[in-house]
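Asks: Shown below is the structure under consideration.
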Amino acid sequence: MLEDITGEEIKRKFKSNKKLRITTFVIGAIVILVLGYFLYRQFVWSPSNEKSKDVYWQALNYAAIDSTDMALDDLKSYAKKYDGKVGGEVSQFVYARQLMAKGEFKKAQTELKDVDLEDTYAKILAIGLQGDCQSELKKYEDAANTYMEAADMLENDLTTPMYLLKAGMCAEEIKNFEKAAEVYERIKDDFPQYASQKQVEKYLARASSKKTSK
């Protein structure tokens with residue numbers, strides 16, 4: 001028999017891991033950006049991007065050492081000066097992440113909306129981070145929709161189930177148990193390994209029970 005999971009337990013798990021959640025996104029973002037733009041730097045960067053190269057790596061360095069206070073002013077300046085260039089867009093991405101680390105989620109969301117990166121996975125992470133900002137601001141319906149957008153942008157085993165799970169948890173926060181059950185079912189069917197690791201069947205059982213009792 002599946003172990004029951006209460007609403008308070010879901011809220012506790014969802015809200016108590018802010019630092020871990022942000023750290024996970026930051027690490028993923030850095031890896032993806034470095035890999036995604038390595039070939040971009042080598043082969044297709046136009047001369048107009050030349051001056052933003054150093055800025056790009058400086059932004060990643062700030063994120064890697066998590067020097068939040070030191071980074072904010074410089075990153076904001078880089079993002080403005082090199083807007084539209086790779087270095088400027090990466091700086092704005094990292095600037096938004098630094099704002100999140102300081103708990104300034106509304107400002108971070110605004111910055112993330114303006115980030116324009118070519119790499120698809122980087123785009124997904126930027127959207128997913130917007131969902132994190134909305135959930136931290138307790139705008140759970142908006143967050144659920146944003147997570148679904150991130151999940152469906154490019155279906156894959158890494159980001160899709162992760163954002164589906166977050167979407168389901170936000171749906172439960174607003175008592176949309178039908179939607180939550182639908183999302184959990186999709187994870188179970190399409191991403192069984194992830195579902196097993198995260199014990200998604202517990203969430204599905206609870207959401208289904210709540211759905212039928214409404």
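Asks: What is the local net charge at Lys80, summed over the other residues whose Cβ is closer than 12 Å to its Cβ (Lys, Arg +1; Asp, Glu -1)? Could the numbers behind the result be given before it?
Replies: Values: positive: Lys76, Lys81, Lys85; negative: Asp73, Asp74, Asp83, Glu89, Glu111, Asp114.
Here the count lands on -3.
Asks: Give me the log10 of I(q) over I(0) for region 106-165 at q = 0.23 Å⁻¹, as the Debye formula computes it from C-alpha points; what are the numbers?
Replies: For the requested q values the scattering log ratios are -0.87.
Asks: Could you list Met169, Met148, Met153 in order of exposure, starting from the residue whose Cβ has the fewest other Cβ atoms within 10 Å?
Replies: Numbers: Met169 24, Met148 21, Met153 17.
Arranged by neighbour count, lowest to highest, Met169, Met148, Met153 become Met153, Met148, Met169.
Asks: Hey, rough spin-label estimate for Lys198 and Thr110, points 7 angstrom out along Cα→Cβ, what's it come to in nanometres?
Replies: Going by the 7 Å Cα→Cβ label model, 3.1 nm.
Asks: Still on this structure, please answer the following. If I stretch the segment between Asp73 and Lys175 completely, what's the gain in nm (0.36 nm per residue apart, minus their alpha carbon distance), one decimal? Working shown, then result.
Replies: Numbers: separation 102, 0.36 × 102 = 36.72 nm, distance 4.06 nm.
Between Asp73 and Lys175, full extension yields an extra 32.7 nm.
Asks: Follow-up question, since we're still on this one. Once you put a point 7 Å from the Cα of Asp119 and another 7 Å from the Cα of Leu137, both along the Cβ direction, what distance in nm separates them?
Replies: Here the modelled spin labels are 2.6 nm apart.
Here, each number is a calculation from the coordinates, and none is a lab measurement. In this text, all values refer to a predicted model and were calculated from it rather than measured experimentally. FYI the Cβ positions are ideal-geometry reconstructions off the backbone, even for glycines, and counts take in every protein chain you see.
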